[in-house]
Every structure is written in structure tokens, then in C-alpha cells.
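Notes follow once the structure below has been shown.
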Amino acid sequence: MAFPGLDPIEVPGQEYAWWRQIAQQTFAAVDQLAQFADFEAFFADLYTYFATAEPWVVYADTRSSLERWRSLGIELGVLSNFDSRLYGVLQALQLDAFFQSVTISTEVGAAKPSPAIFHAALRKHGYAAADAWHVGDSRREDVAGAKAVGLRGIWLMRSQPAAA
Ligand SMILES: O=C(O)COP(=O)(O)O
């Protein structure tokens, strides 16, 4: 998700509207919109819920990997096509302290695989693309996007969902 050229002050509202449309279309596609007495209230609650730790599950190997990389002195950054709620989610999950930077597509105005978001993240660390790795679960957005700007792109292919 990205809104190129949008005044930053308007980003949170546009993020909300973008997800609201997705939710509405999804329920409409399976003929379930009518079940909501108040879809707007439902969606407001849903949006808020996903800004908390509760619906998210951290993979069992995530924290230990982050700790290991931190102990090796590796700088870490988050590069995401999610939205501004990510800051609060990382805090709520107590993951924020691992990362020196957080780069979100809606703030950059470009989403992965656009080169612009990779360059924005690299600038925060002061590294050349050749000196950085990008790990992600999407072959197109993460691996191909990273490689296109000269980063090493690593595909994290999970075969199992995270245990709740
Ligand atoms: O799926 C999303 O909404 C975002 O995914 P990402 O953080 O890997 O970019």
C-alpha cells in the first residue's frame, strides 16, 4: 500500500480507508455484508484490534534470531508494506528494540518491490545496497525487489504457520 505524493498528515486516514475497502469488498464477495448491523463500527474495532499484539503471532525462532544478529553487531531494520500501525505492533510485541529503523511503504510513498522503498531504508543505515541483505516472505516484493536494487534478497519460506 502506498499513496505517492500524499501529505503525510493524511496517510493514517488513507490507510484506514484502504483497509476498510478491502474488508467491505471481502465480505461483499461472499455475500456477508448484510450480517453487520453497523459495518462502520465493526470495521473500526477490527482496525484497532490489529494495532494490538493480540492477533499477531511471533514465530518461535524470531526472537532468538534477532538476538543472535544483534549480538553479532548486525544492524536491523524493518521494511514493510503494512501501515503505520506497525510501530505500535512492534512495541506491543516487544520487538521494536531490535530494529534501528522502520520503513513503511505508506510513509515513503512507494511499496515493495519499488526500488524507492529499498533506497529509503538503506539511506537510514548509510549502507550501500551491496552491503545489505533483505529477508522476506514474498518472492516478488522482497526477493526480486531487493535484487533489483543490488541487495542480497533472501526468501524466507515458512512451511508451517506460526503456532498460536
Ligand atoms: O502483508 C502485508 O500487509 C505487509 O507485509 P510486509 O510487512 O512483509 O511488507
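The values are calculated or read from the model by the stated rules, or taken from the named source; none is laboratory data. None of the values given here were measured: they were computed from a predicted structure. No Cβ is skipped: glycine too gets one built from the backbone with ideal geometry, and neighbour counts run over all protein chains shown. Accessible surface areas use protein heavy atoms only, side chains included; no ligands, DNA or RNA. Shrake-Rupley method; radii C 1.70, N 1.55, O 1.52, S 1.80 Å.
Just a few scattered comments:
- The chain: C-alpha gyration tensor shape, a/c 1.5 cut-off, then a/b vs b/c: prolate
- Cβ-Cβ FRET estimate between R70 and Y47, R0 fixed at 45 Å, reported to 0.05: 0.90
- Accessible area per residue, Å², the chain with all protein chains present, probe 1.4 Å: 61
- Three-way shape call for the range 92-148 based on the alpha-carbon gyration tensor, with the a/c threshold at 1.5: rounded
- Residue-wise HN-Hα couplings along the range 99-116, as the Karplus relation 6.51 cos²θ - 1.76 cosθ + 1.60 with θ = phi - 60° gives them from phi, are 10, 7, 8, 10, 10, 10, 3, 5, 7, 7, x, 8, 10, 4, x, 4, x, 4 Hz; Gly and Pro carry x.
- FRET efficiency, A144 to T26 (Cβ-Cβ, R0 25 Å, nearest 0.05): 0.40
- Our coupling estimate for the range 60-72, obtained by passing each phi through the Karplus curve with A = 6.51, B = -1.76, C = 1.60 and θ = phi - 60°, is 4, 8, 5, 5, 5, 5, 4, 5, 5, 5, 5, 5, 7 Hz, Gly and Pro reported as x.
- Under 5 Å between amide hydrogens, built in the peptide plane, is the criterion, and for V135 it picks out I154 among residues at least 5 positions away or on other chains.
- Extension gain (nm, one decimal) between V57 and F99, 0.36 nm per residue minus Cα-Cα: 13.3 nm
- Counting only Cβ charges, +1 for Lys and Arg and -1 for Asp and Glu, the dipole size of the chain around its Cα centre is about 780 debye.
- Considering helices alone, the calculated mean residue ellipticity of the chain at 222 nm is -12000 deg cm²/dmol, with DSSP H runs of length four and up weighted by -39500 (n - 2.57) and normalised per residue.
- With all protein chains in place and a 1.4 Å probe, the accessible surface of the range 1-113 carries 56 percent carbon and sulfur.
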